[in-house]
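Q: My questions will all concern the structure given below.
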Amino acid sequence: MARFKLTLEYEGTRYRGWQVQKNARTVAGEIGDAVRRLSGRTDFELYGSGRTDAGVHALAQVAHLDLNTALEPQRMLFALNDELPADINVLRAERVPRRFHARHDAVSRSYLYQVSRRRTALGKPFVWWVKDTLDAVPMREAARAFAGLHDFRSFADARSGDEETRVKMEPVEIAEAGSLILVRFTGSHFLWKMVRRLVGVIVEVGRGGLAPGEVAPMLQAATELPAQLTAPPSGLFLEAVLYPGERRARPLHPVLEI
């Protein structure tokens, strides 16, 4: 049995997220079907570094695949891509030791969110168009509250079953690129819907509905407000999953220029 580390990109619009679900089309389900077709085997295991919600995209999701095969990694990459739909693509395939685990060995993850300040015909699946005028200055001020180790239970969906709601976050990066406002979150891990709720709160500050000083208290006492402000999945990308010794090299720039 060989273990492969797979790095993948996908457009999540057509899928109900990463995780296999009964009677739903998912990214992991499509990959599993591709493995069955190319290998003729059903005794394999596929583990992702983490789930992505329905409609969320990935620039570099990581998974490991245990498969009894003589295929070399490059041949595995070509064979999988031949079987996968066009909106899922394997970027890299590497043979790794059996002790490697895509989820448990990850030390940090980063997400990129794209907010559009104009209506777009071509970029609609990859942005959240906010009609109101947004001011990036108070957005940056508000986002400073999230850096460090905090309890993000107010930003998590209670149905997720996550018992550990404390997350260590690096400083949030916010940049303007033409009509886009880009927001990058990097942390030890992320709770279900957490990033979309962080974005929703930051955008509400940018449009003037909240003051920057109203954000920090959301980390100190439970509140339903972040859930009410949840951003749509269309603008969200799992950007990178990092393992010991790895560093993110990608500068903060748009996935799609609009």
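Q: Among the residues of segment 83-138, count how many are of a type in the set (Lys, Arg) and either within 17 Å of the chain's Cα centre (by Cα) or farther than 30 Å from Pro73 by Cα (or both).
A: Residues of segment 83-138 of a type in the set (Lys, Arg): 92, 95, 98-99, 103, 109, 117-119, 124, 131.
From what is left, the residues that are either within 17 Å of the chain's Cα centre (by Cα) or farther than 30 Å from Pro73 by Cα (or both) are 103, 109, 117-119, 124, 131.
The total comes to 7.
Q: Among the residues that make up segment 176-184, is at least one of them in contact (Cβ under 8 Å) with a residue 60 or more places away in the chain and in a helix (DSSP H, G or I)?
A: no
Q: Only one of Met218, Met169 is surrounded by 15 or more Cβ atoms within 10 Å (Cβ to Cβ), among the hydrophobic types (A, V, I, L, M, F, W, C) and under 23 Å from Val107 (Cβ atoms). Can you tell me which?
A: Of Met218, Met169, the one residue that is surrounded by 15 or more Cβ atoms within 10 Å (Cβ to Cβ), among the hydrophobic types (A, V, I, L, M, F, W, C) and under 23 Å from Val107 (Cβ atoms) is Met169.
Q: Kindly check whether there is at least one residue in segment 242-255 that is in contact with an Asp or Glu (Cβ under 6 Å, 6 or more places away or on another chain) and either at pLDDT 95 or above or surrounded by 12 or more Cβ atoms within 10 Å (Cβ to Cβ) (or both).
A: Within segment 242-255, the subset in contact with an Asp or Glu (Cβ under 6 Å, 6 or more places away or on another chain) is 243, 252.
Filter once more, so that each one left must be either at pLDDT 95 or above or surrounded by 12 or more Cβ atoms within 10 Å (Cβ to Cβ) (or both): 243, 252.
Yes, segment 242-255 contains a residue that is in contact with an Asp or Glu (Cβ under 6 Å, 6 or more places away or on another chain) and either at pLDDT 95 or above or surrounded by 12 or more Cβ atoms within 10 Å (Cβ to Cβ) (or both).
Q: If I filter segment 183-200 for residues that are in the same structural domain as Lys124 (by TED's automatic domain parsing) and surrounded by fewer than 17 Cβ atoms within 10 Å (Cβ to Cβ), do I get at least one hit?
A: Scanning segment 183-200, I find at least one residue that is in the same structural domain as Lys124 (by TED's automatic domain parsing) and surrounded by fewer than 17 Cβ atoms within 10 Å (Cβ to Cβ), so the answer is yes.
Q: From Asp105, Asp132, grab the single residue that is among the acidic types (Asp, Glu), surrounded by fewer than 14 Cβ atoms within 10 Å (Cβ to Cβ) and assigned to a loop (DSSP other than H, G, I, E, B).
A: Residue meeting the stated conditions: Asp132.
Q: Same structure again: Sort out which residues of segment 48-64 are in a strand (DSSP E or B) and touching a Lys or Arg at 6+ places or on another chain (Cβ under 6 Å), and write them in order of number.
A: The one that is in a strand (DSSP E or B) and touching a Lys or Arg at 6+ places or on another chain (Cβ under 6 Å): His64.
Q: Tally up the residues in segment 66-89 that are surrounded by 15 or more Cβ atoms within 10 Å (Cβ to Cβ), in a loop (DSSP other than H, G, I, E, B) and not polar (S, T, N, Q), please.
A: The number of residues fulfilling the criteria is 4.
Q: I'd like to check something: does segment 150-163 contain any residue that is modelled with pLDDT of 95 or more, surrounded by 21 or more Cβ atoms within 10 Å (Cβ to Cβ) and not in a helix (DSSP H, G or I)?
A: Yes: one or more hits.
Q: While we're looking at this one, here's another question. Give all pairs with beta carbons closer than 9 Å in which a residue from segment 82-99 that is free of Cβ contacts under 8 Å to residues at least 12 places away in the same chain meets a residue that is assigned to a loop (DSSP other than H, G, I, E, B); count only pairs at least 6 apart in sequence or on separate chains.
A: Filtered contacts from segment 82-99: Ala86/Glu11; Arg99/Asp105.
The values are calculated or read from the model by the stated rules, or taken from the named source; none is laboratory data. Every value quoted in this text rests on a predicted model; they were computed, and no experiment measured them. Because the Cβ atoms are built from the backbone with ideal geometry, glycine has one as well, and the counts that use them run over all protein chains shown.
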